[in-house]
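We did not get these values from a lab; they are worked out from the coordinates using the rules stated. Keep in mind that what you see is a predicted model, and the values were worked out from it rather than measured. We place every Cβ from the backbone using ideal geometry, glycine too, and count neighbours over all the protein chains shown.
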């Protein structure tokens, strides 16, 4: 399959309303398929990726590099004519917590990275670090199950100083 059915030029252009020239890429295509293929790969480079909606099963393109699960189309069989995103949001906490970018998991991952960094620097004992990691994971799992804990003491208890103090008690 040949991808050489386009020509690329880099030119300086002054856009309307701007005073400074910018370097832009101008592409000319021989065929529609070549333009479509090029557009797909350009999109993949900036974070647009094809995904399959978990509700309707249709394919859609994500508009940012986030872990989007649902498309913006109408959900099949919904009498209120809601979108798949709205239905997915109504599915509740148990569906959202499975996402890798869940805020509670991000806090946990940040804490693990900090612990690993301290171990590599030699400022934290490896045995103490393992106890701290286990405590952090337990607290994250508890926060995912208990909304009151997640909104209350979770961030304070998973802090570096609090984890270290509790881990030293457990040793």
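So how far apart, in nm, are the two label points at residue 12 and residue 169 if each is 7 Å from Cα heading toward Cβ?
6.6 nm
Work the Kirkwood hydrodynamic radius out for the chain: mean of 1/r over every pair of different alpha-carbon atoms, inverted, in Å. All intermediate terms of the calculation are to be shown ahead of the outcome.
On the way: mean 1/r = 0.0478 Å⁻¹.
That comes to 20.9 Å for the chain.
Hey, what angle do you get for helix 126-145 against the long axis of the chain, alpha-carbon based, 0 to 90 degrees rounded to 10?
The two axes meet at around 70 degrees.
Sum -39500 (n - 2.57) across every DSSP H segment of at least 4 residues in the chain, then divide by the residue count to get the 222 nm mean residue ellipticity, nearest 500. Spell out each step's value before the answer.
Working: 8 runs with 84 residues, N = 171.
Rounded to the nearest 500, it is -14500 deg cm²/dmol.
Would you mind classifying region 103-170 by shape? Square roots of the alpha carbon gyration tensor eigenvalues, ordered a ≥ b ≥ c; an a/c under 1.5 is rounded, otherwise it is prolate if a/b is larger than b/c and oblate if not. Kindly include the intermediate steps, with their values, before the conclusion.
Details: a/c = 2.40, a/b = 1.78, b/c = 1.35.
Here region 103-170 falls in the prolate category.
Let me see the P(r) profile for region 6-45: every Cα-Cα distance counted, bins of 10 Å, each bin given as a percent of all pairs.
26, 40, 29, 5
Nearest 10 degrees is fine. How inclined is helix 32-45 to the longest principal axis of the chain, computing both from alpha carbons?
Approximately 20 degrees, to the nearest 10.
Please give the FRET efficiency for residue 39 paired with residue 117, using the beta carbon to beta carbon distance and R0 = 45 Å, rounded to the nearest 0.05.
Values: r = 41 Å, r/R0 = 0.90.
Efficiency, from the Cβ-Cβ distance: 0.65.
How far apart, in nanometres, would the label points at residue 21 and residue 91 be if each is projected 7 angstrom from Cα along the Cα-to-Cβ direction?
Between residue 21 and residue 91, the simple spin-label model gives 5.2 nm.
Please work out the Cα center distance from region 105-129 to region 13-69, rounded to the nearest Å.
Each part reduced to its Cα centre gives a spacing of 38 Å.
Within region 101-120, which residues have the backbone N less than 20 Å from the label spot 7 Å out from residue 54 along Cα→beta-carbon, could you tell me?
It comes to 101-109, nothing else.
Based on the Cβ-Cβ distance of residue 148 and residue 46, what FRET efficiency does E = 1/(1 + (r/R0)^6) give at R0 = 45 Å, to the nearest 0.05? Provide the component values of the computation, followed by the final result.
Numbers: r = 40 Å, r/R0 = 0.89.
With a Förster radius of 45 Å, E is 0.65.
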